[in-house]
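The values are calculated or read from the model by the stated rules, or taken from the named source; none is laboratory data. Note that the coordinates shown come from a computational prediction; the quantities given were computed from them, not determined experimentally. Cβ sites come from the backbone with ideal geometry, for glycine too, and all protein chains shown count toward neighbours.
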Amino acid sequence: MESQLVFLSDLSFNLDVWKRELKFQESEMDYFEEKLEDIAMRNLGSEIMVQVEGFQNKIIREREVMGHLRHRIRMKKREIAKANFDNKPEIKFHEKQVLLKDEMKTFIRLHYQLKENMMDFFLKNL
């Protein structure tokens with residue numbers, strides 16, 4: 001039973017780290033949106049505006065994915081809180097945790113690709 005408690009504690013730790021990561025990325029997106037608005041106000045031409053709009057659409061989509069991931073994390077935390085230690089939670093939780101881990105990994109990779117593209121765009125246009 002003690003090992004099950006440690007296992008659930010480890011899962012909970014991972015969820016907390018992912019939640020913090022999403023919060024950080026959300027604040028980055030807020031900052032990037034401000035910079036996109038600065039560029040849009042400069043009226044640098046239609047080609048730049050198309051790029052600004054493209055980045056704004058990607059930010060909107062990224063926020064939707066963040067909301068989905070935060071929801072999944074909340075649900076997982078609830079499952080852990082309700083865990084019945086007699087049902088071998090390491091089996092039930094581990095499989096679902098791996099799927100969420102893969103989603104987080106993919107999201108983080110895509111987030112940093114978007115961030116790099118936006119930083120390049122800002123260097124050219126700010």
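Annotations for the structure displayed:
Condition check ((1) closer than 20 Å to Lys115 by Cα; (2) surrounded by fewer than 13 Cβ atoms within 10 Å (Cβ to Cβ); (3) among the small types (Gly, Ala, Ser); (4) touching a strand residue (DSSP E or B) at 6+ places or on another chain (Cβ under 6 Å)) across all residues:
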| position | (1), (2), (3), (4) |
| --- | --- |
| Glu21 | yes, no, no, no |
| Asp30 | yes, yes, no, no |
| Ser46 | no, yes, yes, no |
| Val50 | yes, yes, no, no |
| Met66 | yes, no, no, no |
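- For Asn14: the one exception among (1) modelled with pLDDT under 95; (2) loosely packed, with under 15 Cβ neighbours inside 10 Å: (2)
- Residue within the stretch 82-101 that is under 23 Å from Lys115 (Cβ atoms) and at pLDDT 90 or above present: no
- Contact annotation: residue pairs with Cβ atoms under 9 Å, 6 or more positions apart or on different chains, pairing a residue in the stretch 93-111 that is under 12 Å from Trp18 (Cα atoms) with a partner that is at pLDDT below 90 and among the hydrophobic types (A, V, I, L, M, F, W, C), are Gln97/Leu11.
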